[in-house]
């Protein structure tokens, strides 16, 4: 299997949302990639400019970042031509690697716009930005820029950034430097496509956590009434757990709970709700083992949110 380290440059409406095409908010103007073997060595590279069809004028911020202008874009080829060439170049046995999750979303939006056959769910990929944050900072919430990671790893900077082919090259160099023994287990699942029925639901078991991708529901209330979603089971033995902290809302898209397995300790469940393109929702339920310090942090967060809600209710009564 080969690794396809991909990077995209895209453009958007230069006059704001009023002139934005709702089917294509971000139009790809360049595809760049590096093909790596199973030892993370670069064995081939790909790069092509895409001639824009919707946004032919560069948005001001994008213009400042790029190393080319509209004159170069006019020399490009249509997206469907470039994509088919790129897909053929990728080969048959490969997995995508990107710096962050947005490139795959943008790619599939453009594929849909041109009615090209899309990737099927589940689409595995490596989010190298997240993996780097875990390796370097032990905190996947600290997402560094590509340029920052290149400097931290003392990778020679001999090409300009914000060129898709060059950025793919630098990302491949970072991947080679990391060369993590557990790399194969650190894949992510792209959620542009998702299960639409119970038969399509799927669970992925990683080394220290599991992910359950649910079918679609009309709303969060309907989803949380589903026993498979609301039930918390041990990551190791699959035993149904009594909850020490019941499901509570941490923000508009996330709920958290904690249970205890007498054999395997504290287990945390997290549900993230995602909107679908037809105004429904689906959920990604993550289950992982946690320690006592992490439990206390979750508990304190629950108490903090509870106090805030109580204060708002008191304030509202005082006003009325």
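The values are calculated or read from the model by the stated rules, or taken from the named source; none is laboratory data. Please read all numbers here as calculations on a predicted model, not as lab measurements. Neighbour counts run over all protein chains shown; Cβ positions are idealised from the backbone, glycine included.
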What single numbered condition from (1) buried (at least 19 other Cβ atoms within 10 Å of the Cβ); (2) in a loop (DSSP other than H, G, I, E, B) fails to hold for residue 172?
(2)
State all residues of the stretch 196-219 that are part of a loop (DSSP other than H, G, I, E, B), surrounded by 15 or more Cβ atoms within 10 Å (Cβ to Cβ) and at pLDDT 95 or above; if no residue qualifies, say none.
201, 214, 215, 216
Which ones in the stretch 66-82 are surrounded by 15 or more Cβ atoms within 10 Å (Cβ to Cβ), farther than 12 Å from residue 33 by Cβ and modelled with pLDDT of 95 or more?
73, 76, 79, 80
Of everything in the stretch 141-159, what is in contact with a helix residue (DSSP H, G or I) (Cβ under 6 Å, 6 or more places away or on another chain), loosely packed, with under 15 Cβ neighbours inside 10 Å and over 16 Å from residue 172 (Cβ atoms)? Give them in sequence order.
142
Among the candidates 116, 58, which residue alone is surrounded by fewer than 16 Cβ atoms within 10 Å (Cβ to Cβ), touching a helix residue (DSSP H, G or I) at 6+ places or on another chain (Cβ under 7 Å) and not in a helix (DSSP H, G or I)?
116
Hits in the stretch 61-83 (condition: touching a residue at least 12 places away in the same chain (Cβ under 8 Å) and part of a helix (DSSP H, G or I)):
62, 65, 70, 72, 73, 79, 80, 82, 83
Quick one: is residue 89 over 22 Å from the mean Cα position of the chain (by Cα) and surrounded by 13 or more Cβ atoms within 10 Å (Cβ to Cβ)?
yes
